[in-house]
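The values are calculated or read from the model by the stated rules, or taken from the named source; none is laboratory data. Treat the numbers as computed from the prediction; the structure is a model and nothing was measured. Glycine gets a Cβ as well: all are built from the backbone with ideal geometry, and neighbour counts include every protein chain shown.
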Amino acid sequence: MKLWPRSLIARILLLELGAIAIAAVALPMLLTSFLRTEAHRYEQRILAEQARTIANGIRASASGPIVRLDPAMVRLYASPYDGRAFVVTDSGGGTLAESPYADLVPWRNAPRAGRQLPFRAGAFVGVSQPVRVGAARIWVIVTQDRTGPGAILDDVMHGFIRRYDPVLISILLLLPLINSALIARLFFAVRDASHQAAAIGPHNLDVRIEEAGLPLEVAPLAHATNDLLARLQASFRNQSEFVANVAHELRTPLTVHRVELEGVEDPALRARLRGSVDRLGHVVAQLQDLATLEVTADDKFETFDARELAQETIGLHAPQILAAGDTIALDAPPGPVLVRGNPVLAGLALANLITNASRHTPPGTLIEVRVGPDGALLVRDDGPGIAASNPQDATERYWRADHERSDGAGLGLSIVRRIMEVHQGRLTVQSHPGEGTCVSLRFPLAPEAEVTSPS
């Protein structure tokens, strides 16, 4: 089982919790050490200042050095309450002056050097300050009992730590909550970019991911994705242009072949060749439809009348339907049916359905086009139906019931399905063998607006 989460936010918070756990242990220890060091420095600084004050009061005399203390210093060393004491001693260890109760402190352990030095002796800390009086060198030794009632620095320090720990732990526990909210806010731009990328498809390759506002760590990925989309868009455009050019170039030779077929004397051969040319012409027409679909953008949507679209499409294809021996009828409401979409693509979809109904049914078939008030266009025939377990399979590209390519490339219904995807509409196919086929296109209804003619 993988314990490492896939979410980047979860990973950041997990690492932060680990860092917080380490900080919760290390910070009090470091702070205690820091405070203790600072307390000792402060203590040594006070003792050194007192030693210098005493040294400044030493004067030379004929009988030897004389110590004259400031009254404040006399009061400070008059009591053994906090373990303070001082001694003025010579190099031989003799006492030249001392405070009351000096015999209670281990001043003899103090170093006697040419510079001021701190020292420790059990519970006592002190400072040894050298003083030159005339030709003689003496030392002022000042001590402080760290366990005495007056030495409260350690107590203050420990009391501070006891109060500081709960505050520190509370702050550390709040940090993940605060940071998770801040990180989530920072990732809003990343989520927006993800939604933009998810909305990009073959029909809107001109859309790009917004790079402004993205974190520096993510912006290169968005930029690379936009470059990829630009290359895909160019590739799709080149492919569509190639298909359109091929289809266009094939139309002229096909027209010439149709004319030349009139010179074939054998009626059976002429009919067979004409059928082959017609099937090839149908393939070329489907290729042109496919190229039109790929280059027509969905941002050209407008409000149009589905009923008028059906009338014009039927009018264009009625001669072919009647020439094939079929009949076609329109069932539409008396008023306009306003839908939102691209009328060129919608007409292409309806034309494909009408053509399919005529080509894949025997002569004499009735093809009915119905316009519903809900924006649906239905093409129904009374032919043999689709021989498939699932009629929706017929919308797959290159699908054919007989698995042959003799009369088309299997693109008709797949083109229709793609058009409905562009419109965010719905394509449904209902068919039963021997009962005919009904294909419906449902376009989004438009609000009441000015009707734009599909012509």
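Here are the numbers for the structure shown:
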| read-out | value |
| --- | --- |
| Residue check, Glu368 outside the structural domain of Ala247 (by TED's automatic domain parsing), at pLDDT 90 or above and part of a strand (DSSP E or B) | yes |
| Residue tally, condition part of a helix (DSSP H, G or I), of a type in the set (Gly, Ala, Ser) and loosely packed, with under 12 Cβ neighbours inside 10 Å, over the stretch 54-76 | 1 |
| Residue within the stretch 199-217 that is surrounded by fewer than 14 Cβ atoms within 10 Å (Cβ to Cβ), touching a Leu at 6+ places or on another chain (Cβ under 8 Å) and assigned to a helix (DSSP H, G or I) present | no |
| Number of positions in the stretch 419-445 that are within 18 Å of Arg307 (Cα to Cα) and hydroxyl-bearing (Ser, Thr, Tyr) | 1 |
| Residue match in the stretch 111-126 (condition: at pLDDT below 85, under 19 Å from Thr147 (Cβ atoms) and crowded, with 16+ Cβ neighbours inside 10 Å) | no |
| Odd one out for Val243, checked against (1) under 30 Å from Gly281 (Cα atoms); (2) modelled with pLDDT under 75; (3) out of contact with any helix residue (DSSP H, G or I) (no Cβ under 6 Å at 6 or more places or on another chain) | (3) |
| Where a residue in the stretch 22-42 is closer than 23 Å to Phe119 by Cβ and its partner, wherever it lies, is outside any helix (DSSP H, G or I), with Cβ under 9 Å and at least six apart | His40/Pro118; His40/Val125 |
| Selection within the stretch 310-345 - under 21 Å from Phe443 (Cα atoms) and in contact with a Ser or Thr (Cβ under 9 Å, 6 or more places away or on another chain) | Glu312, Leu338, Val339, Arg340, Gly341, Asn342, Pro343, Val344, Leu345 |
| The listed residue being assigned by TED's automatic domain parsing to the domain that holds Ala446, assigned to a helix (DSSP H, G or I) and modelled with pLDDT under 85, out of Leu350, Leu316, Leu413 | Leu413 |
| Contacts under 9 angstrom Cβ, first residue in the stretch 164-193 being more than 17 Å from Ile20 (Cα to Cα), partner aliphatic (A, V, I, L, M) and surrounded by fewer than 10 Cβ atoms within 10 Å (Cβ to Cβ), 6 or more apart | Ala189/Ala212 |
| Total residues in the stretch 359-369, condition surrounded by fewer than 17 Cβ atoms within 10 Å (Cβ to Cβ) and in contact with a strand residue (DSSP E or B) (Cβ under 7 Å, 6 or more places away or on another chain) | 1 |
| Single unsatisfied condition, Gln288 versus (1) outside any helix (DSSP H, G or I); (2) under 30 Å from Leu353 (Cα atoms) | (1) |
